[in-house]
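A quick write-up on the structure given underneath.
The values are calculated or read from the model by the stated rules, or taken from the named source; none is laboratory data. Keep in mind that this is a model prediction, so the values were computed, not measured. Please note: Cβ atoms are built from the backbone with ideal geometry, for glycine as well, and neighbour counts cover all protein chains shown.
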Amino acid sequence: MPTPRVVESNAAAVAALCAGGLVVLPTETVYGLAADASNPRAVARIYAVKGRPADHPLIVHIPSEAHLDRWVRDVSELARRLADYGWPGPLTLVLPRSSEVGDWVTGGQDTVALRVPDHPVALGILRDFGGAVAAPSANRFGRVSPTTAQHVREDIGELLDPDRDVIVDGGSCQVGVESTIVDCTGPQPVVLRPGRVSQEQIAEWAGVPVAPAQSTAPRVSGSLASHYAPATPVELAEGVAKNPGPSATVGLIALADVETPSGMVRLTAPADEDEYARALYAALREADALRLDRILAVPPTGSGTLAAAIRDRLTRAAAGSAG
Ligand code: TXA
Ligand code: MG
């Protein structure tokens, strides 16, 4: 099966969006699968390609904060502050939606998730397009998010339409894990998904403390117990035993100061949490490519926001392996 064209110019990507096609778009966090947010048929194809349940809402990407008023009903002081400080950036704000936002984007919810990505290619395309694009991570539902265009080709290349859809290759994503999602519908911000932007940072920008998340039904698919899972089973460990035991082929994901016991395959040895986040998804995919029997992951123990985000994703990847 032919896969879609890789395009260099913003104009080709904008043309595809205008024609109702899908655009694989690099952002600073992970690659997105983008469609014109105001085109229900184009957005429906995102769900079809991803295999995503229709009630899981998408993130809407806009060119700048100036576009907030079009998509949001009554922009609150809290939303204004977080957008002012955090955009462009790896921060998604959940806000009351305006009548411009269709049910096809929000899964029928009365809120919309918005973000301005901090990536020159994504921003350039958004500015030239002038509207908003709905873009979830460009992977099949529940699987590992892509951090290179090649990951996207491998995952969903054959599900895209070579006549309508295009891929924009922007190299490797800088952050490597998805944006921090903040519910701004109440008086205090609530973090729905941890990411590069920390709770402390959000509280400082907001001028009010962050409220604890309620454990209600998941409104965020990334908050499902099982998500971000490779095909290879993932096991979490605090350290690595000297003897890896039976002769299964085990892949190791851990910071560089953790040594690789003989017989294990080192998938990545990041020097710090930033590098860990950037390398994580490629390492999970590498285990699948090598057909390893399992992955042993030693999450970072630090108190940094990326350490928390990495632990969150690895815990869910491990839960995805359990069944
Ligand atoms: O970094 C990112 O956020 C990437 C890049 C492409 O921007 N996008 C991303 O999209 O991770 P996705 O669809 O894989 O995850 C979006 C999350 C989902 O878990 C979804 O449930 C949540 O955002 N979400 C969207 N609209 C929401 C809403 N109205 N209320 C609560 N959560 C919402
Ligand atoms: Mg996703």
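At-a-glance table
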| item | result |
| --- | --- |
| Subset of the stretch 191-239 (residues that are hydroxyl-bearing (Ser, Thr, Tyr), at pLDDT below 90 and closer than 18 Å to ALA308 by Cβ) | SER215, SER223, TYR228 |
| Meets criteria (crowded, with 23+ Cβ neighbours inside 10 Å and more than 15 Å from ligand 1 (Cβ to nearest atom)) for ALA16 | yes |
| Residue in the stretch 90-102 that is crowded, with 20+ Cβ neighbours inside 10 Å, in contact (Cβ under 8 Å) with a residue 24 or more places away in the chain, among the hydroxyl-bearing types (Ser, Thr, Tyr) and in contact with a strand residue (DSSP E or B) (Cβ under 6 Å, 6 or more places away or on another chain) present | yes |
| Residue selected from the stretch 109-163 under the condition of a type in the set (Gly, Ala, Ser) and surrounded by fewer than 24 Cβ atoms within 10 Å (Cβ to Cβ), by the criterion nearest to ligand 1 (Cβ to nearest atom) | GLY142 |
| Test: residue in the stretch 93-101 that is within 16 Å of the chain's Cα centre (by Cα) and within 16 Å of ligand 2 (Cβ to nearest atom) | yes |
| Some residue of the stretch 125-135 being in a loop (DSSP other than H, G, I, E, B), within 16 Å of ligand 2 (Cβ to nearest atom) and in contact with a strand residue (DSSP E or B) (Cβ under 6 Å, 6 or more places away or on another chain) | yes |
| Residue in the stretch 159-171 that is within 16 Å of ligand 2 (Cβ to nearest atom) and not in a helix (DSSP H, G or I) present | no |
| Search result, residues across the stretch 9-34 that are over 19 Å from LEU114 (Cα atoms) and touching a residue at least 24 places away in the same chain (Cβ under 8 Å) | ASN10, ALA11, ALA12, ALA13, VAL14, ALA16, CYS18, ALA19, GLY20, GLY21 |
| Top-ranked residue in the stretch 35-44 [being surrounded by 20 or more Cβ atoms within 10 Å (Cβ to Cβ) and touching a residue at least 40 places away in the same chain (Cβ under 8 Å); ranked as nearest to GLY102 (Cα to Cα)] | ALA37 |
| Close pairs (6 angstrom Cβ cut-off, 6 or more residues apart or separate chains): part of a loop (DSSP other than H, G, I, E, B) in the stretch 140-154, buried (at least 19 other Cβ atoms within 10 Å of the Cβ) and among the polar types (S, T, N, Q) anywhere | SER145/SER137; SER145/ASN139; PRO146/ASN139 |
| Within the stretch 300-323, considering residues that are modelled with pLDDT under 95 and of a type in the set (A, V, I, L, M), the one surrounded by the fewest Cβ atoms within 10 Å (Cβ to Cβ) | ALA322 |
| Every pair of residues 6+ apart whose Cβ atoms lie under 8 Å, when the first sits in the stretch 251-266 and is on the phi > 0 side of the Ramachandran plot and touching a residue at least 12 places away in the same chain (Cβ under 8 Å) while the second is surrounded by 15 or more Cβ atoms within 10 Å (Cβ to Cβ) and β-branched (Val, Ile, Thr) | GLY263/VAL250 |
